[in-house]
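S.K.: Can you keep this structure in mind? I'll have questions shortly.
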Amino acid sequence: MPQPNSTPEKRLEGRIALVTGASRGIGAAVARRFAEEGAHLVLTARTSAALEEIDDDIQKITGEPATLVPLDLGDFDAIDRLGAAIFERFGKLDVLVGNAGQLGTLSPLAHIDPKVWDSVMAVNATANWRLIRSMDPLLRSSDSGRAIFVTSTVGQEARAYWGIYAVSKAALEMTAMVYAHEVEKTPVRVNLINPGPTRTSMRAQAFPGEDPETVRTPDSITGLFVDLAEAACTMNGERLKPE
Ligand code: NAP
């Protein structure tokens with residue numbers, strides 16, 4: 001029985017966790033929560049200054065700095081270099097959170113700028129495959145590798161004007177599900193989270209007229225990420241929504 005004043009158990013103690021899109025929104029909230037749960041964080045996004053602010057928060061929580069790796073996920077070679085750097089420093093990866101995403105433009109398919117199409121496909125879909133390609137040996141080197149990818153309702157439900165975002169999330173979901181089947185007989189577990197409406201800059205971009213106060217915060221949905229990142233997680237190939 002835990003004693004009334006005992007420190008609650010940290011569910012990710014000592015685990016090495018890579019979070020993409022950690023500079024703001026859901027990724028930043030997950031990074032802070034994982035730090036509270038005892039993980040060492042490797043954080044990526046393009047915006048160094050924002051990553052440093054998250055690192056300040058993490059140092060206040062843990063007293064230890066995170067490992068910050070500013071990069072553009074559209075630069076696939078940078079993903080390979082990240083894999084090599086994690087191998088050099090830690091020799092394994094316990095948790096991969098493929099969270100970074102772009103909305104692109106909401107417009108009819110016929111009107112989407114090809115450059116926007118390529119950018120959203122690169123970040124939302126191809127970069128997550130490149131992360132799998134680079135991190136798979138590291139996840140298998142962990143005694144309990146966990147991969148979590150962040151999808152959206154429109155990954156499975158066609159919605160007019162959400163074309164590139166929807167197509168990219170559908171591709172991400174299939175990539176994650178194929179990977180889940182491939183690792184079935186290993187200790188690695190792979191799952192998807194559909195966060196639902198969450199108060200972030202992406203949500204504000206998609207729904208500019210909405211009062212943000214009516215949408216739940218990123219901090220309120222981090223529990224499911226911890227559930228799927230834990231060594232104790234047995235789920236594989238699931239697509240889950242926070243309660
Ligand atoms: P957000 O606040 O816009 O954050 C997006 C993150 O992705 C930022 O950290 C951004 O960092 C990073 N990113 C974007 N392009 C990048 C690139 N080229 N290279 C590296 N990093 C890049 O959005 P969010 O709402 O937290 O979204 C997080 C995930 O949740 C996304 O996959 C999104 O599709 C999904 N989602 C969100 C909602 C919602 O209601 N918010 C609902 C369903 C699904 P930099 O700009 O610093 O690079």
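Here, each number is a calculation from the coordinates, and none is a lab measurement. These figures come from a predicted structure and were not determined experimentally. With ideal geometry, Cβ positions are generated from the backbone for all residues, glycine too; neighbour counts draw on all protein chains shown.
S.K.: Per-residue HN-Hα couplings for the range 198-213, Karplus 6.51 cos²θ - 1.76 cosθ + 1.60 at θ = phi - 60°, whole Hz, x for Gly and Pro?
M.R.: 9, 6, 9, 5, 5, 4, 5, 5, 6, 10, x, x, 7, 6, x, 4
S.K.: Obtain the nm distance between the two label points defined at ASP77 and ALA50 by a simple spin-label model: each point lies 7 Å from its Cα along the Cα-to-C-beta direction.
M.R.: So the label points at ASP77 and ALA50 sit 2.6 nm apart.
S.K.: Counting other Cβ atoms within 10 Å, keep those with at most 15, restrict to DSSP loop, and tell me which GluC sites (Glu not before Pro) in the range 139-216 are left.
M.R.: Of the GluC sites (Glu not before Pro), the ones in loops of the range 139-216 whose Cβ has at most 15 other Cβ atoms within 10 Å are GLU157, GLU184, GLU210.
S.K.: Given a Förster distance of 30 angstrom, what is the FRET efficiency for VAL178 paired with ALA84, based on the Cβ-Cβ distance and rounded to 0.05?
M.R.: 0.80
S.K.: Name the residue, out of ALA35, ALA229, ALA204, whose mean-square fluctuation peaks in a Gaussian network model built on the chain with Cα pairs under 10 Å.
M.R.: ALA204
S.K.: Taking a cut-off of 21 Å between Cα atoms, list the lysines near LYS185, but don't count ones fewer than 8 places away on the same chain.
M.R.: LYS92
S.K.: Take PHE207, project a point 7 Å from its Cα along the Cβ direction, then tell me which residues of the range 148-179 have their backbone nitrogen under 11 Å from it.
M.R.: Residues passing the 11 Å test: none.
S.K.: Further question: Sequence gap at least 6, Cα distance under 8 Å: using those rules, report the relative contact order of the chain to the nearest whole percent.
M.R.: This gives 19 percent for the chain.
S.K.: Further question: Once label points are set 7 Å from the Cα along Cα→Cβ at both LYS115 and ALA160, what is their separation, rounded to one decimal in nm?
M.R.: 2.9 nm
S.K.: Which net charge results when you count Lys and Arg as +1 and Asp and Glu as -1 among the other residues whose beta-carbon is under 11 Å from that of ARG15?
M.R.: With Lys, Arg at +1 and Asp, Glu at -1, the net is -1.
S.K.: Gaussian network model of the chain, Cα springs within a sub-10 Å range: biggest mean-square fluctuation belongs to which of GLY83, GLY196, GLY63?
M.R.: GLY63
S.K.: Through the Karplus equation 6.51 cos²θ - 1.76 cosθ + 1.60, θ set to phi - 60°, convert the phi angles of the range 27-32 into ³J(HN,Hα) values in whole Hz; use x for Gly and Pro.
M.R.: x, 5, 5, 5, 4, 4
S.K.: A follow-up question, please. Residue separation times 0.36 nm, minus the C-alpha to C-alpha distance between SER107 and GLU9: what's the value?
M.R.: Length difference between fully extended and current span is 30.5 nm.
S.K.: Which net charge results when you count Lys and Arg as +1 and Asp and Glu as -1 among the other residues whose beta-carbon is under 14 Å from that of VAL97?
M.R.: Every neighbour counted, the sum reads +1.
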